Amino acid sequence: TDFAPILKGLKRINMTSGGQWQEDMDIKFHFIVGTPSRDVVDIQQIWRPQSRGYTSILNEDSFEPRDVQLDPNAVSYKIRTVITGHGQEGEFIPRDHFININGGNIEYTWPVWTECGGNPIYPQGGTWIFDRANWCPGEAVPIYNHEITPYVGMSLDSVAIDINFSNYNPNGDASYSCAVHLFQYTEPNFTLDAEITDILAPSKKDVYSRFNPICSSPIIKIRNSGKDILTSVDIQYGVKGGTMQTYEWTGNLKFMEEEEVTLDPMIHDGNETKFVVTLSNPNGSTDTHSDNDTMESEFEDLPIYKPSFLVRLKTNNYGSQSSWTIKNSNNEVVYSRDNCANNTLYNDTVTLGNGCYTFRIDDTGGDGLDFWYWDNVGQPDGSGFINFMYYDTISVFRSFNKDFGSAIVHSFRVTNGVSVDNHTMINFDIYPSVSDGKVFIQKDSSTKTPSTIEVYSVNGQKIIEEKWEENTQLKTLHLGSLSDGIYVVKVQTGDIINTQKIILNR
């Protein structure tokens, strides 16, 4: 950390809670032995970290321009900025923030805004899904690092720094908390240094839980921590104790620039739930700093499912916002469902071969299938659900929380599966859901293959089995001899199976 020079000796750390005193906080220090990419010679807190009103900031009454002294031993400079918006208009209205160095043109501009529907900590109480000004409940606030060396005059002994926001006249409460530091450094300590800074997947870190555990392609983050531009590096990776693979990365990273790298699908043949990655041969040469070349991460094993099961989606009042896909390890879509109607139950049968798959459900509204807020403000969105069910045992074996925000990503394995590639779903309508004895099954006109119809009791006992061989699109199923209760109707055409729960009530 660039704060290492001040984290020495006896220090007092103050953690200030929010106004509701409901936050749970902790700090963990990870001590890393080695030489930093460059030495910090000076740290300056430009303004006191505090919250100020929007109008006061625009008028330069708060966070006013300041001249900051430069250390004569420094040759490079960075501004580190953390900003959050608060109040009804400061929190929920996006605005641009900018940094200006030594007057003239504005060097850095970015929106103070974060989408919260993908928050890794979910579900939560409160309005956690609503996008906010650079923060989401329970998530880390974004940190912006700007290398300002090109804009600092080398012959000057100070630099003028100003921060501000896009011009706006708020009608309500709007304030911003700002913490801004200037770091001054020596020359880089290494000429050629490719660094692994993080493993996003596979990983057990909470911050990456939205897309872990993964099915195939690892995602890592690398950084150029050397003076020379980094144009290539070899990446060795794999499950510990298993086959190590090599990925040849090429690009163009300047000093301290980072990049996320998606590797080729990994081979799951290790004997531990640990993933290891090592960098080597930067620019085809020797890394002058090997301490930061290797990193490990713990990960969870993928669940194993049977080859055939039902994906059961019940939409809410906004069915068109919901869609789902299943992709294989080559990132190819093998099943999907979209263009959904409102308040409708879809039972889609998937039949998969051996391998690794990723299921993803998206909600374009960013509020999942059920969110308490809309009912409270008189705009009910209804309540849906999404789960997986084995049709042979009529048992739900995987349920997903309906308050999921923007999306759910879930990877799994299939063993003892059949060899099946891309599928086109055969659509059957089975109705009515509440019957007095007659059930109608409607198939699309393109389906000519004979089908088998089976009826099961709620405890899984097969009661009726019929063949549907005639070339008609409508079939009438007579259940008048059965007692009132819940039954499951299954229609199978080849390897494609559709099911529907029926309530018999006379």
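General remarks:
- Simple spin-label estimate for Ser457 and Asn330 gives 4.6 nm between the two label positions (7 Å along the Cα-to-Cβ direction from each Cα).
- Shape category assigned to region 1-104 from the gyration tensor of Cα positions, a/c cut at 1.5: oblate
- What a 1.4 Å probe finds exposed on region 296-378 is 41% carbon and sulfur by accessible area, rounded to a whole percent.
- Extension gain, Asp96 back to Glu60 (0.36 nm per residue minus Cα-Cα distance, nm): 11.3 nm
- In this structure, His478 and Tyr144 have a Cβ-Cβ separation that, at R0 = 56 Å, corresponds to a calculated FRET efficiency of about 0.25.
- For Lys221, solvent-accessible area (1.4 Å; no DNA, RNA or ligand), Å²: 50
- In nm, spacing of pseudo-spin labels at Phe400 and Arg337 (7 Å Cα→C-beta vector): 1.0
- Full extension of the chain between Glu272 and Thr449 yields a length gain of 59.0 nm, computed as 0.36 nm times the residue separation minus the alpha carbon distance.
- Inter-site label distance for Glu187 and Glu465 at 7 Å from Cα along Cβ, in nm: 8.3
- Amide H within-cut-off set for Ser203, under 5 Å, with H built and near neighbours excluded: Ile214, Glu300
- Per residue value of the accessible surface for the chain (all protein chains in place, 1.4 Å probe), Å²: 50
- Note that region 398-415 has calculated 3J(HN,Hα) couplings of 8, 10, 10, 5, 6, 9, 10, x, 8, 6, 10, 10, 9, 9, 7, 10, 10, 10 Hz, one per residue in order, obtained from phi through the Karplus relation 6.51 cos²θ - 1.76 cosθ + 1.60 (θ = phi - 60°); glycine and proline are x.
- Backbone HN-Hα couplings from phi across region 479-493 [Karplus 6.51/-1.76/1.60, Hz, Gly and Pro as x]: 10, x, 7, 8, 6, 4, x, 9, 9, 10, 9, 10, 10, 10, 10
- Karplus (6.51, -1.76, 1.60) ³J(HN,Hα), θ = phi - 60°, over region 302-316, in Hz, Gly and Pro reported as x: 6, x, 10, 10, 5, x, 10, 7, 9, 9, 10, 10, 10, 7, 9
- On region 6-143, 50 percent of the accessible area sits on carbon and sulfur atoms, based on a 1.4 Å probe.
- Considering every alpha-carbon pair of the chain, the percent of pairs per 10 Å bin, from zero through the bin containing the longest distance, is 3, 14, 20, 22, 17, 12, 7, 4, 1, 0.
- For the chain, the Cys residues with no second cysteine's beta carbon closer than 4.7 Å are Cys178, Cys340.
- For Met25 and Ser433, the FRET efficiency from 1/(1 + (r/R0)^6), where r spans their Cβ atoms and R0 equals 56 Å, is about 0.70.
- Report note on the peptides 335-341, 117-123: ranked by the mean count of other C-beta atoms within 10 Å, highest first, their order is 117-123, 335-341.
- Segment Arg48-Asp71, extension gain: residue separation times 0.36 nm, minus the distance between their alpha carbons: 6.2 nm
- Oblate is the label for region 155-295, because a/c, from the alpha-carbon gyration tensor with a ≥ b ≥ c as root eigenvalues, is 1.5 or above and a/b does not exceed b/c.
- Taking 20 Å as the cut-off, the amide N atoms of region 169-189 that come nearer than this to a point 7 Å along the Cα-to-beta-carbon line of Thr1 belong to 178-186.
- Calculated FRET efficiency for the pair Ile121/Thr35, C-beta based, R₀ 45 Å, to 0.05: 0.80
- Taking Cβ atoms as reference points and 14 Å as the exclusive limit, the residues near His146 contribute a net charge of -3, counting Lys and Arg as +1 and Asp and Glu as -1.
- Residues with amide H under 5 Å from that of Thr197, placed H, sequence gap 5 or more: Lys221, Ile222, Arg223
The values are calculated or read from the model by the stated rules, or taken from the named source; none is laboratory data. Being a predicted model, the structure only gives us computed values, none of them experimental. For neighbour counting, all protein chains shown are included, and Cβ atoms are generated from backbone atoms with ideal geometry for every residue, glycine included. SASA here: full protein model, heavy atoms, side chains in, ligands and nucleic acids out. Shrake-Rupley method; radii C 1.70, N 1.55, O 1.52, S 1.80 Å.
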